[in-house]
């Protein structure tokens with residue numbers, strides 16, 4: 001079975017690095033980006049199955065990533081991470097087409113389950 | 001003056017929101033590192049079993065502290081968002097749990113022992129979290145001022161028959177202290193302030209002589 005390709009995007013470098021290691025141990029093919037610009041560039045070079053992005057980032061945040069991917073790469077699913085899962089931005093991102101939004105600190109099983117269901121689903 | 005207070009409250013809410021957000025990021029990273037180390041340990045060979053066990057215990061303790069910090073950050077968010085929408089759904093049990101840390105100053109000076117007693121299931125109601133905490137904390141402080149050193153105080157949350165939620169503060173040795181005719185002017189003033197604060201959030205407060213009990217009743221629908 002092919003590995004699910006995941007792009008992790010978060011401006012907290014330590015967080016994204018460690019989470020990438022943990023996902024790799026669980027047999028995901030993981031790359032990381034620490035800002036939205038770099039993430040969009042990396043997606044252009046090699047399109048992932050799933051993008052896992054922090055909702056609150058400077059310049060290009062998680063909501064904007066969802067919006068751009070719906071337009072440019074509608075097959076790519078987006079899972080968002082946030083410390084404030086009740087905020088207005090979460091509703092906006094879900095309306096734009098994000099598959100789900102998980103609360104930080106994370107539960108790794110919830111994340112891996114969501115990534116697998118995202119990789120298996122068709123956003124269109 | 002009132003306008004300045006509103007601006008200060010709004011600013012405080014923003015600061016609290018920012019601190020809670022950053023705290024969650026710190027805890028999220030700490031949690032990832034901890035669980036990553038647990039992954040590595042689980043996969044390691046069985047050499048040094050004693051050391052492995054010690055490490056596992058240490059990591060479990062760190063995880064416990066991360067969980068505690070996350071709960072605190074969540075509660076900070078609850079109050080910072082009080083400015084956006086004053087009335088929101090809240091779990092009264094969570095607010096009551098915050099009374100224990102708030103009681104520390106007089107717990108230390110008077111040696112007062114606090115016992116919290118609330119139902120296991122959430123006590124969800126609609127209200128203003130900050131004002132509810134203010135009234136609960138004010139009642140606790142008021143009763144504590146009437147207690148004897150090394151007394152106990154039980155705080156109990158319960159649903160009223162039909163409608164509303166009740167929080168009782170009971171100290172068995174204060175039946176004389178809660179008689180209004182024995183109060184100093186300052187105690188009358190504190191009590192009047194509490195009554196007025198309670199009235200502002202559709203709550204009532206009352207005193208019962210035997211056992212020494214202060215009651216707060218929230219006239220709210222259960223959710």
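The values are calculated or read from the model by the stated rules, or taken from the named source; none is laboratory data. Note that the structure is a prediction, hence the values are computed from the model and not measured. Ideal geometry is used to build each Cβ from the backbone, glycine not excepted, and the neighbour counts take in all protein chains shown.
Worth a mention:
- Condition check for residue B:78: within 27 Å of residue B:208 (Cβ to Cβ) and either in contact (Cβ under 8 Å) with a residue 12 or more places away in the chain or touching a helix residue (DSSP H, G or I) at 6+ places or on another chain (Cβ under 8 Å) (or both): no
- Filtering B:41, B:72, B:59 for residues that are in contact (Cβ under 8 Å) with a residue 24 or more places away in the chain, away from every other protein chain (no Cβ under 11 Å) and more than 30 Å from residue B:99 (Cβ to Cβ) leaves a single hit, B:59.
- Restricting A:106, A:94 to residues that are free of Cβ contacts under 8 Å to residues at least 24 places away in the same chain, more than 20 Å from residue B:18 (Cβ to Cβ) and either within 14 Å of chain B (Cβ to nearest Cβ) or surrounded by fewer than 21 Cβ atoms within 10 Å (Cβ to Cβ) (or both) narrows the list to A:94.
- Restricting attention to region B:140-165, the residues that are part of a strand (DSSP E or B) and buried (at least 16 other Cβ atoms within 10 Å of the Cβ) add up to 6.
- Qualifying residue in region A:37-50 (condition: surrounded by fewer than 20 Cβ atoms within 10 Å (Cβ to Cβ) and within 14 Å of chain B (Cβ to nearest Cβ)): no
- Residue match in region B:120-130 (condition: surrounded by fewer than 13 Cβ atoms within 10 Å (Cβ to Cβ) and on the phi < 0 side of the Ramachandran plot): yes
- Single residue of B:90, B:102, B:95, B:133 found to be in contact with a helix residue (DSSP H, G or I) (Cβ under 6 Å, 6 or more places away or on another chain) and surrounded by fewer than 17 Cβ atoms within 10 Å (Cβ to Cβ): B:102
- Residue within region A:70-80 that is within 14 Å of another protein chain (Cβ to nearest Cβ) and at negative phi present: yes
- Residue A:21 meets all of the listed conditions (1) buried (at least 20 other Cβ atoms within 10 Å of the Cβ); (2) within 14 Å of another protein chain (Cβ to nearest Cβ); (3) modelled with pLDDT under 95 but one, namely (1).
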